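The values are calculated or read from the model by the stated rules, or taken from the named source; none is laboratory data. In this text the structure is predicted, and so the values were computed from the model without any measurement. Here Cβ is always computed from backbone atoms with ideal geometry, including for glycine, and neighbour counts include all displayed protein chains. Only protein heavy atoms, including side chains, enter the accessible area calculation; ligands, DNA and RNA are left aside. Shrake-Rupley method; radii C 1.70, N 1.55, O 1.52, S 1.80 Å.
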Amino acid sequence: MRLIWIAIAAAAAMLAGPASGQQWPARSVKLIVPYPAGGNVDSAARIVADKLQEKLGQPFIIENKAGAGGMIAGEAFAKSAPDGYTLFVGANGPVLFATEINKREAYSWKKDFLPISTISMTPLVLEVHPSVQATTFKEFIELAKREPGKLTMASPGPGTTNHLLSELMQSSLDLQWVTAHYRGNAPAINDLLGGQVQFAFDQLTVSLQHIKAGLFRALAVTSPHRLKSLPDVPTFAELGYKDFDGQTFTGLFAPAGTPAPIIDKLHETLVAILKDPGVIDKFEKLGGESTPMTPAEFKAYLEREDAKWIPVVRKANIKAD
């Protein structure tokens, strides 16, 4: 009888193995990123991937899957096995808005995504090409009113926070400009650098270096306070526009159904990484802020953002190209 019980216990342990945070990870882990290399989300993913690999002893491999405002990546991730070996580094557009603007219920973050923690918060900056005859936000508004439809805004894709802020501003201030959508931040900013488009609402993670080099002119930021990296640039709130406060989050997700011990281990490790002074410094230099949350806090944040921005998507009738 004793041998039978030993065998049963051993079998139970083997069955429990895949759900054990102690045994995970036993091989490489894939991090799906819904944008091309070089953008805001990709940069955040690579910072944490290196540290996760260092702390957990297995490779954390970035897989960039761009397209459809992040929906291609989101759909692939939602179909992944909930075993801790496929994770998602998402942002506002792919997580909250992509299914709405594509009119396809391919996945739902509330049903298919398990929030682990935010990674970073990055304010947006309204930046213009030096050829634009506006050195302040007031002058920019005057120019847009004087020549409706002449300016072109570079968007990293339909339904991104960048795009939604643009739509909100046009609606609120009775402005009109052309929106050029790209497959991610990097190609959008390349065209702004070349002068093919005139301005962008962009994440500082991508554009800070260009602003510092004088290649772009920063007019205002969406953060609640002035930024250390751009102390001379006013916030929209300072200028009297408190509604223009959108920021881009990056966050780590696991597929729904991933065992709790794996989630706990991931969260504990990620929080330790995000509190590391070296990591904090990396995000600050990129214009962002390291912002760990508990899974419950992250979920509550997503629900608030959903409630704020989905009405903007619907009012502007934003659809996928």
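Summary table
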quantity: In sequence order, calculated HN-Hα J values of the range 65-80 (Karplus, 6.51, -1.76, 1.60; Hz; x Gly/Pro); calculated: 10, 7, x, 6, x, x, 6, 4, 5, x, 5, 4, 5, 4, 8, 6
quantity: Cβ-based net charge around residue 235, under 14 Å, with every Lys or Arg adding one and every Asp or Glu removing one; calculated: -1
quantity: Normalised alpha carbon radius of gyration of the chain [divisor 2.2 N^0.38 Å]; calculated: 1.08
quantity: For the chain, with +1 on Lys and Arg beta carbons and -1 on Asp and Glu, the positive-most of 320, 87, 222 along the dipole; calculated: 87
quantity: Using θ = phi - 60° and Karplus 6.51 cos²θ - 1.76 cosθ + 1.60, couplings along the range 239-255 (whole Hz; Gly, Pro as x); calculated: 7, x, 10, 6, 6, 8, 10, x, 10, 9, 9, 10, x, 9, 10, 10, x
quantity: Set of aspartates and glutamates near residue 145 by C-alpha distance (under 14 Å), chain-local residues within fewer than 8 positions excluded; calculated: 174
quantity: For residue 119, distant residues with modelled amide H under 5 Å away; calculated: 250, 251, 252
quantity: Around residue 216: net Lys/Arg minus Asp/Glu count, Cβ-Cβ under 10 Å; calculated: 0
quantity: Global geometry of the range 130-245, whether rounded, prolate or oblate, following the gyration tensor of its Cα atoms and the 1.5 cut on a/c; calculated: rounded
quantity: Karplus-derived 3J(HN,Hα), 6.51/-1.76/1.60, for each residue of the range 279-294, Hz, glycine and proline x; calculated: 6, 4, 5, 4, 5, 4, 5, 8, x, x, 9, 5, 9, x, 9, 6
quantity: Neighbourhood net charge (14 Å Cβ-Cβ; Lys/Arg +1, Asp/Glu -1) for residue 304; calculated: -2
quantity: Cleavage-rule hits (trypsin sites (Lys or Arg not before Pro)) in the range 208-303: DSSP loop, at most 12 neighbouring Cβ within 10 angstrom; calculated: 228, 242, 275
quantity: Cα-centre dipole for the chain with unit charges at Cβ (Lys and Arg positive, Asp and Glu negative), debye to 20; calculated: 460
quantity: Shape of the range 41-84, Cα gyration tensor, a/c cut at 1.5; calculated: oblate
quantity: On Cα atoms only, tilt of 185-194 relative to the major axis of the chain in degrees; calculated: 30
quantity: Selection from 118, 39, 149 lying farthest towards where the dipole of the range 35-158 points positive, charges on Cβ; calculated: 149
quantity: Stokes-Einstein translational diffusion, the range 265-321 - Kirkwood Rh over all Cα pairs, 1.002 mPa s, 20 °C, in µm²/s; calculated: 155
quantity: C-alpha long axis of helix 2-16 to longest principal axis of the chain, angle in °; calculated: 10
quantity: Degrees separating the helix 137-146 axis from the principal Cα axis of the chain, which is the longest one; calculated: 60
quantity: Lysine pairs with alpha-carbon atoms under 28 Å apart, the range 21-117, spacing 8 or more or separate chains; calculated: 20
quantity: Amide H within-cut-off set for residue 30, under 5 Å, with H built and near neighbours excluded; calculated: 61, 86, 87
quantity: Long-range HN-HN contacts of residue 124 with modeled amide H, under 5 Å; calculated: 222, 223, 248
quantity: Residue among 203, 247, 22 with the largest mean-square fluctuation in a Gaussian network model of the chain, springs linking Cα atoms under 10 Å; calculated: 22
quantity: Kirkwood-based Rg to Rh ratio, the range 63-191, C-alpha trace; calculated: 1.04
quantity: Mean Cα-pair separation over length for the chain, i.e. relative contact order, pairs under 8 Å, 6 or more apart, %; calculated: 26
quantity: Estimated [θ] at 222 nm from DSSP helical runs (n ≥ 4, -39500 (n - 2.57)) normalised by residues in the chain, nearest 500; calculated: -13000 deg cm²/dmol
quantity: Unit charges on C-beta of K, R, D, E only; dipole of the range 235-321, Debye; calculated: 300
quantity: GNM top mover of 296, 256, 237 - the chain, alpha-carbon springs below 10 Å; calculated: 296
quantity: Residue-level accessible surface for residue 108, protein heavy atoms, 1.4 Å, Å²; calculated: 40
